[in-house]
C-alpha cells in the first residue's frame, strides 16, 4: 500500500464551491492530488446538476479538471462490487460508502478523504480522514 489518498465526491464539490468554509481544505487536497473512482465522477455529475445547477458544459469542464488532478481513476468492476458488499457487511456501513473503500483499496490508497464516514476509523487497510473537521 502506497502513501496515496482517495478523494471522495464531497471534496471535489467543496473545491468548486465559492464562499464555503470547507473550500480551502478541499482545494489543498485536490491540488496535491490522489486517486478517485468512476463512482465519484458519477456522484459529482449528479450533485453538480441537482444541487449546484451547473450546465452540462460546465460539468464536462469540471470533470476534465478532476481527471487532470488525479493520478488515476478506479473503474467500477464486479470485483469492486463484490468487495464492497463484504465491506458493507463487515463494518455495517452503507453500500455506496463501502464502494468507496473498495475502490480505495483497488487504487492502492491508505487514506480516504471524505466527510461521510467516521473520522479516524480504519476499515481494512484504509483510514478515514474528514478534512473538514
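The sum of -39500 (n - 2.57) across all DSSP H runs of n ≥ 4, divided by the residue count of the chain, sets its helix-only mean residue ellipticity at 222 nm to -16500 deg cm²/dmol. For the chain, the longest principal axis of the alpha carbon atoms and the long axis of helix 56-69 meet at an angle near 50°.
Against the longest alpha carbon principal axis of the chain, how many degrees, from 0 to 90 and to the nearest 10, is the axis of helix 38-50 turned? That works out to roughly 40 degrees.
At q = 0.11 Å⁻¹ the log10 of I(q)/I(0) for the chain amounts to -0.35, computed by Debye summation with a single uniform scatterer per C-alpha, solvent ignored. Remark: relative contact order (the chain) = 30 percent; criterion is Cα-Cα distance under 8 angstrom and separation of 6 or more residues. Between segment 5-33 and segment 90-133, how many Å separate their Cα centres? Cα centres, segment 5-33 to segment 90-133: 16 Å. Annotation for residue 71 and residue 119: the two label points, set 7 Å from Cα along the Cα-Cβ direction, are 2.5 nm apart.
For the chain, modelled as a GNM whose springs connect Cα atoms under 10 angstrom apart, the maximal fluctuation among 113, 95, 12 occurs at 95. Rounded to the nearest 10 degrees, the angle from helix 78-91 to the longest Cα principal axis of the chain is 70 degrees.
Every number here is computed from the coordinates shown, using simple stated rules; none is lab data. No experiment lies behind these values; they were computed from the predicted model shown. Note that we place each Cβ from the backbone using ideal geometry, even for glycine, and neighbour counts take in every protein chain shown.
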